[in-house]
1. Could you tell me what % of all Cα pairs in the stretch 232-309 have separations over 22 Å?
2. With the contact rule set at Cα under 8 Å and sequence spacing of 6 or more, what percent relative contact order holds for the stretch 199-275?
3. Which order do the peptides 284-292, 158-166, 33-41 take when ranked by the mean count of other beta-carbon atoms within 10 Å per residue, highest first?
4. If we sort 147-156, 246-255, 184-193 on the protection proxy, mean other Cβ atoms within 10 Å, highest first, what's the order?
5. Please order 167, 62 by the number of other Cβ within 10 Å, starting at the fewest.
6. At 0.36 nm per residue, and after removing the present C-alpha to C-alpha distance, how many nm does the segment from residue 160 to residue 277 gain when stretched out fully?
7. So for 275, 180, fewest C-beta neighbours within 10 Å to most, what's the order?
8. Where does the Debye-calculated log10 I(q)/I(0) of the stretch 133-228 sit at q = 0.13, 0.21, 0.24 Å⁻¹, using only Cα point scatterers of equal weight, no solvent?
């Protein structure tokens, strides 16, 4: 699109003193005549372009109009690019790729060697968070519904493994707790809900345009955290000594107590649902529920059913 090319040309010129018409034409895959018209459009938009004639001539942006490079150091560019690369790997978004390329063109030429060297010392890869191809397609549909403010219908499986068809007003896509979530107003439940995108299947954008609700995502989190904290179940878990590194990674030291035999007792609060049962069972023989007794019995019965299967 022409507007994208014009923006790219502006960014390219902002980082250079003078660029010939032939160099611009080659870089952006257009004719020199098109470059001349582009420069006229940019100037009409209020960005002062100057032209220098002769073999060493070309186009440039008046120096007084440019932002001082001292405002952005190599470190600033480095962390921006690293973060964008990581997110782009997860979202598989062409627009993010274009943004990344534009930011990279702003890097001062004399700093490219330093920048390349630092790239070898830090790498962020969130591509696994994007999931498989089905999840990527789901994510694209959900994001399109959010951006265009359209009703969304999908099949959803909750923590209790119950599958239902939902019609929601999609409000926000957020990355929390190592996963992508959709914050939406659920018309089935007539309340705000948080849906894990990996559990959404067969999303369909409906033609109805929604009016954005007043409760923001941050407000929802704050209110929901208070409710969860009030209703959370106080539990006590005893971990085998071999699990010490994992326990110390996931739990606050104030919640942990080390016994004489090296076992770790964790006292914490967690919402009671199917996820909690699955979480405890995932540790197999390396964890024991000490309290409450009701939860201990639930896990014991589940373990017994598992034993019968094998």
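1. 21 percent
2. With pairs under 8 Å counted, the relative contact order is 33 percent.
3. In descending order of packing, they fall as 33-41, 284-292, 158-166.
4. Details: 147-156: 16.7, 246-255: 12.3, 184-193: 15.1.
By packing density, highest mean first, the sequence is 147-156, 184-193, 246-255.
5. Fewest-to-most ranking of 167, 62: 62, 167.
6. Gain on extension, residue 160 to residue 277, equals 41.1 nm.
7. By the 10 Å Cβ count, ascending: 275, 180.
8. Computed log10 I(q)/I(0) values: -0.40, -1.11, -1.45.
Coordinate-derived values only; no laboratory data. Remember, predicted model here, so these are calculated numbers, not experimental data. Glycine also receives a Cβ, built like all others from the backbone with ideal geometry; neighbour counts cover every protein chain displayed.
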